[in-house]
Amino acid sequence: QVQLVESGGGLVQAGGSLRVSCAASGSTFSWYNMGWFRQAPGKEREFVGAIRRDSATYYIDSVKGRFTISRDNVKNLVYLQMTSLKAEDTAVYYCAARDARTWTSLTYYSSTYWHYWGQGTQVTVSS
């Protein structure tokens with residue numbers, strides 16, 4: 001059982017940077033893979049990237065080189081650092097978690113892989 005709370009969203013100009021955070025509580029953070037999703041107006045929820053227990057990271061092609069995911073296992077935080085933001089990055093950003101101690105055939109980019117979700121934080125990029 002884990003609770004997730006995102007923060008740090010806001011309004012930023014195109015080309016700017018923003019870091020959103022996800023605070024986890026209620027369980028052992030280091031057991032969890034952590035992911036980021038986003039949902040833009042009128043679109044389905046989209047996988048953005050993930051960071052494993054061992055800090056290996058994965059990103060969709062559209063954000064590679066611009067977004068960086070990191071984690072702090074002491075503070076129970078995961079970050080999504082976004083740079084060179086584009087208007088199409090505008091979305092509600094959600095963090096997600098799954099206990100990674102057991103094997104699964106599911107993949108990170110599938111929402112069904114993840115067991116826990118935060119409430120989301122709005123990121124708006126103005127042109």
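Taking the range 72-91 and a reference point 7 angstrom along Cα→Cβ of Ser30, the backbone N atoms nearer than 19 Å belong to 72-79.
What are the GluC sites (Glu not before Pro) within the range 1-58 that DSSP puts in a loop, where the Cβ has at most 11 other Cβ atoms within 10 Å?
Glu44
Overall shape of the range 58-99 was characterised from the C-alpha gyration tensor. The equivalent ellipsoid obtained from it has semi-axes of 21, 12, 10 Å, in decreasing order.
Karplus-derived 3J(HN,Hα) values for the range 53-58, using 6.51 cos²θ - 1.76 cosθ + 1.60 with θ = phi - 60°, are 4, 8, 6, 5, 10, 9 Hz; glycine and proline are entered as x. Average accessible surface for the chain: 51 Å² per residue, computed with a 1.4 Å probe over protein heavy atoms with every protein chain in place.
Using only Cα coordinates, the Kirkwood hydrodynamic radius of the chain works out to 14.5 Å. Taking the centroid of alpha carbons for each part, the range 82-109 and the range 1-73 are 5 Å apart.
Arranged from highest to lowest average of other beta-carbon atoms within 10 Å per residue, in what order do the peptides 15-22, 112-119 appear?
15-22, 112-119
Kirkwood hydrodynamic radius of the range 35-109, from the reciprocal of the average inverse Cα-Cα distance over all distinct pairs: 13.3 Å. Across the accessible surface of the chain, with the other protein chains kept in place and a 1.4 Å probe, carbon and sulfur atoms take up 49 percent. Here the gap between Val5 and Arg19, fully extended at 0.36 nm per residue and compared with their Cα-Cα distance, gives a gain of 3.6 nm. Amide H contacts under 5 Å for Asp99: His115, restricted to partners 5 or more places along the chain or on a different chain, H placed in the peptide plane at 1.01 Å from N. The H on the amide N of Thr90, modeled in the peptide plane, is under 5 Å from the matching H of Val125, each at least 5 residues off or on a different chain.
The values are calculated or read from the model by the stated rules, or taken from the named source; none is laboratory data. Bear in mind that the values here come from a model prediction, so they are computed numbers and not experimental data. We place every Cβ from the backbone using ideal geometry, glycine too, and count neighbours over all the protein chains shown. Only protein heavy atoms, including side chains, enter the accessible area calculation; ligands, DNA and RNA are left aside. Shrake-Rupley method; radii C 1.70, N 1.55, O 1.52, S 1.80 Å.
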